[in-house]
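J.: Next up is a structure, given as structure tokens.
What follows draws every value from the coordinates through simple rules; no lab data is involved. Owing to the predicted nature of the structure, the values given are computational and were not obtained by experimental measurement. Here the Cβ is made from the backbone with ideal geometry for all residues, glycine too, and neighbour counts use every protein chain on show.
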Amino acid sequence: MQSPVLYPSNAQIELFSKLSPILGVNPTVSNFIDDFGSCNLDILQCADAADANVSFYASLGLMGYNVNGGCYEIVMGGHRQFPDIEAVVASCAFFVIRDKWDCSLGNVFESVIELYYPKAAMKHVMFYYPYLWHNKLASLKVLNYPVKVMLGIPISQSELDYKRQYGLPALEDIFDRAGINIFDINRKPVI
């Protein structure tokens, strides 16, 4: 559920000012409230400066919730034909806030994409280094606290099964060789 933007905190303002120029152009912010009315979070949207068909979405304020002793934010991209990727990011953040799910490297939030796109080939979100921006997000600090930005990558059930059996490095290798399009939730699974 989307609601009007509420007053941002100093941390959110600083995070916005650091993230938006890295992610893209024409930034906007929307506030989301979970289905239970117990959590709300702002989501940043930026158009990709290099590809008008892609938008990036980032949580603004997840860093206020401890994940295994660290501060995290989630970023995910998608083709503009999939506008609910913004809601996917919000849902991932709500699972972290409300249910204490772990969005650190290699973890997978199952069936989150399927909630919004039940017929999409990609069903799950796997968290990975934000390699798209090289090292620009690696040393991000907000209010002098380090923040780990994790990139949400859509994966299929067969890819998740492969990761479970052979591990993250093996799946990384296959993704690298295949050159997957992480913005297309209807891409063909590589496994």
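J.: Which of these, Gln157, Gln81, Gln45, has the largest mean-square fluctuation under a Gaussian network model of the chain (Cα springs below 10 Å)?
T.: Fluctuation is largest for Gln81.
J.: Please compute the net charge surrounding Pro27, taking Lys and Arg as +1 and Asp and Glu as -1 over other residues with Cβ under 13 Å from its Cβ.
T.: That works out to -2.
J.: Rounded to the nearest 20 Debye, what is the dipole magnitude of the chain about its Cα centre when Lys and Arg each give +1 and Asp and Glu each give -1 at the C-beta?
T.: Its charge dipole is roughly 220 debye.
J.: Which residue fluctuates most in the GNM of the chain (Cα springs below 10 Å): Ser91, Ser55, Ser111?
T.: The residue with the greatest mean-square fluctuation here is Ser111.
J.: Distance cut-off 28 Å, Cα to Cα: go down the list Lys141/Lys188; Lys163/Lys188; Lys100/Lys141 and report the pairs above it.
T.: Over 28 Å Cα-Cα: Lys141/Lys188.
J.: Continuing with the same structure: Quickly estimate the mean residue ellipticity at 222 nm for the chain, helices only: each DSSP H run with n ≥ 4 gives -39500 (n - 2.57), and the total goes over all residues, rounded to 500.
T.: -8500 deg cm²/dmol
J.: For Tyr129, what charge total do you get from the other residues with a beta carbon under 11 Å from its beta carbon, if Lys and Arg give +1 and Asp and Glu give -1?
T.: 0
J.: Next up: Note the angle between two axes, namely the Cα long axis of helix 10-23 and the longest principal axis of the Cα atoms of the chain, as a number of degrees from 0 to 90, rounded to the nearest 10.
T.: Approximately 40 degrees, to the nearest ten.
J.: Among Trp133, Val75, Val29, whose Cα lies farthest out toward the positive end of the dipole of the chain, if unit charges sit on the beta carbon of Lys, Arg (+1) and Asp, Glu (-1)?
T.: Value: Trp133.
J.: How would you order 118-124, 145-151 from highest to lowest mean count of nearby Cβ atoms within 10 Å?
T.: Highest-to-lowest ranking by the protection proxy: 145-151, 118-124.
J.: Given contacts defined as C-alpha pairs under 8 Å and at least six residues apart, what's the relative contact order of the chain, whole-number percent?
T.: Reported relative contact order: 17 percent.
J.: Then there is this: Out of the DSSP beta bridges found with both residues in the range 54-191, what percent are antiparallel (nearest 5)?
T.: 80 percent
J.: May I ask for the net charge around Pro169, where only other residues with Cβ less than 11 Å from the Cβ of Pro169 are counted and Lys, Arg are +1 while Asp, Glu are -1?
T.: -2
J.: Output the peptides 130-142, 167-179, 93-105 sorted from most to least packed, where packing is the average of other Cβ atoms within 10 Å over each peptide's residues.
T.: So the order, starting with the most tightly packed, is 93-105, 130-142, 167-179.
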